[in-house]
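Peer 1: Okay, handing you the structure first.
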Amino acid sequence: MSAETIKVDWEVTRYEVAEVEGIPLTKKMCDRWDKVWAFQAKPDDLLISTYAKAGTTWTQEIVDMIQHDGDTEICKRASTYERQPFIEWVLHETLTPGWEQAEAMPSPRTLKTHLPVQLVPPSFWEQNCKIIYVARNAKDNVVSYYHFHRMNQVLPEPGTWEEFLENYMAGKVLWGSWYDHVKGWWKAKDHHRILYLFYEDIKENPRREIQKILQFMEKDLEKDILDKIIHYTQFEVMKENPMANYTSLPPEILNHEISPFMRKGAVGDWKNYFTVAQNERFDEDYKKKMAGASLTFRTEL
Ligand code: PPS
């Protein structure tokens, strides 16, 4: 694959937000939504779907390592976003959007999305594609999302932590409500080929969770290859991997000095940000929003 060098020869400004069916997305995505919606999936596509900051990159690296039998050199052939296109993403008008990157790619393709289930291009369902969905507990997810908005210079200004938390609880952030996202995909897994995983489970026992992915992908690997995958996809190792830690994007876009993309990779970091009052308010609101859902998250291990 030839990696497209991303050069920033335009003024980097934080993107405007618009909506598709009530879901906030960048205006750049909304303006070309017809292209995203018309995306043609193929039966052997594997889609990695997540709410933003739920462990997408981690899962992408695990899947790529599985597909290449643990060959770390092959997995360093290009950056995460070039190996596995982010189908709905438009970085700039002068650059190839995610769906075109995917179209130009030979099969079998592995693709990334943050779309809520109702906005996934219908061809994925028509083609009965396999989908790996990863969910992360809302508290760690919002902390990670807040820091990502600080460092990613094209995302909307996050405001203060307090303001960002309010917007997140109200679903007024890019890709919409975390609550609806995790619930929507949870329901969909009963009708489609979806492996639903949890960030906390992977953190707790990567071997067990990677074995679930292997089974889902109908792959069998020797124990030493599995050991190698566990090693190369752990936080500390991925953090130093320039093809997996997003340092290959220009600093005008991702400013790792403000907050690194590979920030903490932990479960329970929310305790360093939520005040007692915020936590109480969050929990009360959470109960209402998640009432009736047979979906439970762990906020500590
Ligand atoms: S994105 O931009 O939506 O694709 O981001 P995403 O990859 O979903 O999430 C980034 C967070 O995942 C953490 N991360 C990891 N945690 C544990 N182990 C590994 N290997 C790993 N790789 C990435 C990353 O550090 C972000 O979480 P925070 O809490 O901000 O550290």
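The values are calculated or read from the model by the stated rules, or taken from the named source; none is laboratory data. What you see is a predicted model, and the numbers here were worked out from it, not measured in a lab. Cβ sites come from the backbone with ideal geometry, for glycine too, and all protein chains shown count toward neighbours. Keep in mind that these areas ignore ligands, DNA and RNA; they rest on the heavy atoms of the full protein, side chains included. Shrake-Rupley method; radii C 1.70, N 1.55, O 1.52, S 1.80 Å.
Peer 1: Taking the Cα centre of region 17-289 as origin, work out the dipole magnitude from +1 charges on Lys and Arg Cβ and -1 charges on Asp and Glu Cβ, in debye rounded to 20.
Peer 2: With only Lys, Arg, Asp and Glu charged at Cβ, the dipole is about 400 debye.
Peer 1: Could you pull out every residue, at least 5 positions away or on a different chain, whose amide H is within less than 5 Å of the one on TYR15? Hs are placed 1.01 Å off N in the peptide plane, and Pro or chain starts have none.
Peer 2: Answer set, sorted by chain and number: LEU155.
Peer 1: Now for a separate question. Mind checking which lysines have their Cα closer than 16 Å to the Cα of LYS76? Skip sequence neighbours fewer than 8 apart in that chain.
Peer 2: List returned: LYS228, LYS239.
Peer 1: Another question about this same structure. Enumerate the calculated ³J(HN,Hα) couplings along region 84-100 in order (Karplus 6.51 cos²θ - 1.76 cosθ + 1.60, θ = phi - 60°), each rounded to whole Hz, writing x wherever the residue is Gly or Pro.
Peer 2: So the Karplus estimates, Gly and Pro as x, are 9, x, 9, 4, 8, 8, 10, 7, 7, 4, 7, 10, 5, x, x, 5, 6 Hz.
Peer 1: Continuing with this model, one more query. Per-residue ellipticity at 222 nm for the chain, helices alone: DSSP H runs ≥ 4 residues times -39500 (n - 2.57), over residue total, nearest 500 deg cm²/dmol?
Peer 2: -11000 deg cm²/dmol
Peer 1: Give me the 1.4 Å probe accessible area per residue for region 17-289, excluding ligands and nucleic acids, in Å².
Peer 2: 42 Å²
Peer 1: Just round it to a whole percent: the fraction of Cα-Cα distances in region 76-203 exceeding 16 Å.
Peer 2: When every Cα pair of region 76-203 is considered, 70 percent fall beyond 16 Å.
Peer 1: OK, next. May I ask you to work out the translational diffusion coefficient for region 216-274 at 25 °C, viscosity 0.890 mPa s, via Stokes-Einstein with Rh from the Kirkwood sum over Cα pairs, reported in whole µm²/s?
Peer 2: 176 µm²/s
Peer 1: Then there's this: What are the residues whose amide H is under 5 Å from the amide H of TYR196, where those residues sit 5 or more places off or on another chain and H is modelled from the backbone?
Peer 2: Residues meeting the criterion, in which the H sits 1.01 Å from N, are TYR133.
Peer 1: Which of ALA104, ASN245, ILE210 sits closest to the plus end of the dipole of the chain, meaning its Cα is farthest towards the positive end, when Lys and Arg get +1 and Asp and Glu get -1 on the C-beta?
Peer 2: Value computed over the given set: ILE210.
Peer 1: Express the carbon and sulfur contribution to the solvent-accessible surface of the chain as a percent, rounded to the nearest whole number, probe 1.4 angstrom.
Peer 2: About 50 percent, which is the carbon plus sulfur part of the accessible surface.
Peer 1: Using amide H atoms built in the peptide plane, which far-off residues or other-chain residues are under 5 Å from PHE86 H to H?
Peer 2: HN-HN under 5 Å from PHE86: LYS112.
Peer 1: When the dipole is taken about the Cα centre of region 107-211, and only Lys, Arg (+1) and Asp, Glu (-1) are charged at their Cβ, what size is it in debye, to the nearest 20?
Peer 2: Roughly 480 debye for region 107-211.
Peer 1: Mind listing the phi-derived Karplus ³J(HN,Hα) values for region 51-65, rounded to whole Hz, using 6.51, -1.76 and 1.60 with θ = phi - 60°, and x for any glycine or proline?
Peer 2: These are the phi-based 3J(HN,Hα) values: 6, 3, 6, 9, x, 4, 4, 4, 5, 4, 5, 4, 5, 5, 5 Hz.
Peer 1: May I pose another question? Students often get this wrong, so check it: of LYS189/LYS212; LYS28/LYS130; LYS183/LYS219; LYS139/LYS172; LYS139/LYS288; LYS27/LYS130, which have C-alpha atoms separated by over 19 Å?
Peer 2: Checking Cα-Cα distances, LYS28/LYS130; LYS183/LYS219; LYS27/LYS130 exceed 19 Å.
Peer 1: If you don't mind, there's one more thing I want to ask. Rounded to whole Hz and in sequence order, give me ³J(HN,Hα) for region 67-76 from the Karplus expression 6.51 cos²θ - 1.76 cosθ + 1.60, θ = phi - 60°, writing x for Gly and Pro.
Peer 2: Once rounded to whole Hz, the list reads 4, 10, 6, x, 7, 5, 5, 4, 5, 9.
Peer 1: Once you have the Kirkwood Rh of the chain from its Cα pairs, apply Stokes-Einstein at 20 °C and 1.002 mPa s and quote D in µm²/s.
Peer 2: 109 µm²/s
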